[in-house]
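One structure below.
The values are calculated or read from the model by the stated rules, or taken from the named source; none is laboratory data. Since we're looking at a predicted model, the values are computed, not measured. Here the Cβ is made from the backbone with ideal geometry for all residues, glycine too, and neighbour counts use every protein chain on show.
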Amino acid sequence: MPYTAEHPLRVAVLASGEGSNLQALLDSCRPPSPALVVLVASDRGEAKALARARAAGVATHCIADPGDGAALTGVLREHAVELVALAGYLKLVPPEVVAAFADRMINIHPALLPAFGGPGMYGGRVHRAVLASGATLSGATVHLVNAQYDRGPILAQWPVPVRPGDTAESLAARVLAVEHRLLPAVVLAAAEAGRVVPLPPAADFGMPDLAPARGT
Ligand code: GRF
């Protein structure tokens with residue numbers, strides 16, 4: 001059953017840092033959207049993500065160490081969360097939480113998985129590895145979370161060309177701009193479908209200038 005503005009998909013976001021992807025969700029998942037961010041949880045009390053949530057009037061929760069996941073699962077249940085979005089969350093999500101939200105937990109990764117993913121591949125490390133490899137294409141991926149790091153089924157990807165002279169910072173900034181479109185698109189598609197669904201490969205996110213030229 002599709003969610004509606006009256007009965008929106010209840011989304012929790014887990015974030016450890018800046019929270020710009022969280023902000024993109026806060027901006028797009030609010031009335032009259034069929035999705036609503038109802039909780040933001042972090043492992044770091046000083047994370048800007050928590051300040052963004054407070055500014056938006058969204059409930060926050062801080063758990064420094066998720067341990068076996070029982071407390072985190074409890075908080076998610078208390079808020080009747082139906083979809084969990086990991087957006088720059090640096091702690092391992094305990095298997096209990098992954099199991100409790102099977103097929104209902106998504107992650108955004110700043111590269112074209114399965115390349116440049118896995119343990120230790122986060123933040124600037126991802127972009128430095130892409131540049132060091134000589135790859136001419138990077139991008140953003142949203143995938144379902146399962147027990148294996150960065151290996152859950154892919155839901156959506158959008159390419160970002162690597163430009164000559166790119167630094168990890170310049171590439172990260174261009175990928176991040178795409179992430180801000182891709183993550184809300186997946187959440188809103190889930191709300192409209194009534195369950196997490198892959199986006200069509202040719203989905204138009206309104207950023208054709210970032211797509212590689214056709215036929216090349
Ligand atoms: C993003 O690049 C995300 O893909 C990665 O960590 C970064 C978080 O950025 N997992 P922000 O906290 O959303 O600004």
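Annotations
- Of the residues making up the range 56-92, those that are among the aliphatic types (A, V, I, L, M) and closer than 27 Å to GLU192 by Cβ are ALA56, VAL58, ALA59, VAL75, LEU76, ALA80, VAL81, LEU83, VAL84, ALA85, LEU86, ALA87.
- If you filter the range 21-32 down to residues that are of a type outside the set (Asp, Glu) and either surrounded by fewer than 19 Cβ atoms within 10 Å (Cβ to Cβ) or at pLDDT below 95 (or both), you find that the one that is nearest to the ligand (Cβ to nearest atom) is SER28.
- Residue count for the range 170-180 satisfying the condition of being over 13 Å from the mean Cα position of the chain (by Cα) and either within 30 Å of GLY69 (Cα to Cα) or within 12 Å of the ligand (Cβ to nearest atom) (or both): 4.
Matching residues to (1) assigned to a helix (DSSP H, G or I); (2) more than 30 Å from GLU96 (Cβ to Cβ):
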| position | (1), (2) |
| --- | --- |
| VAL126 | yes, no |
| LEU131 | yes, yes |
| ALA140 | no, no |
| TYR149 | no, no |
| PRO164 | no, yes |
| ARG174 | yes, yes |
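- Of ALA49, ALA71, ALA41, ALA35, all but one fail to be within 16 Å of the ligand (Cβ to nearest atom) and farther than 24 Å from ALA173 by Cβ; the exception is ALA41.
- When PRO184, PRO159 are checked against the criterion of being away from the ligand (no atom under 11 Å from the Cβ), touching a Leu at 6+ places or on another chain (Cβ under 7 Å), assigned to a helix (DSSP H, G or I) and not aliphatic (A, V, I, L, M), a single residue qualifies: PRO184.
- Taken over the range 85-96, the criterion of being surrounded by 23 or more Cβ atoms within 10 Å (Cβ to Cβ) and either more than 16 Å from the ligand (Cβ to nearest atom) or at positive phi (or both) is satisfied by GLY88 alone.
- Enumeration of residues in the range 128-149 that are under 17 Å from VAL178 (Cβ atoms) and under 17 Å from the mean Cα position of the chain (by Cα): SER138, GLY139, ALA140, THR141, VAL142, HIS143
- Single unsatisfied condition, GLY124 versus (1) in contact with a strand residue (DSSP E or B) (Cβ under 6 Å, 6 or more places away or on another chain); (2) surrounded by fewer than 18 Cβ atoms within 10 Å (Cβ to Cβ); (3) of a type outside the set (A, V, I, L, M): (1)
- Filter result for ALA156 (touching a helix residue (DSSP H, G or I) at 6+ places or on another chain (Cβ under 8 Å) and either at pLDDT 95 or above or of a type in the set (Ser, Thr, Tyr) (or both)): yes
- Exactly one residue among GLU46, GLU82, GLU18, GLU78 is under 17 Å from the mean Cα position of the chain (by Cα) and surrounded by fewer than 16 Cβ atoms within 10 Å (Cβ to Cβ), and that residue is GLU18.
- Unmet requirement for GLU179, which otherwise passes all of (1) of a type in the set (Asp, Glu); (2) in contact with a strand residue (DSSP E or B) (Cβ under 6 Å, 6 or more places away or on another chain); (3) modelled with pLDDT under 95: (3)
- Qualifying position, being within 14 Å of the ligand (Cβ to nearest atom) and either free of Cβ contacts under 8 Å to residues at least 60 places away in the same chain or crowded, with 20+ Cβ neighbours inside 10 Å (or both), among ALA115, ALA140, ALA100: ALA140
- When the range 187-216 is filtered for residues that are at pLDDT below 95, assigned to a helix (DSSP H, G or I) and surrounded by 14 or more Cβ atoms within 10 Å (Cβ to Cβ), only LEU210 remains.
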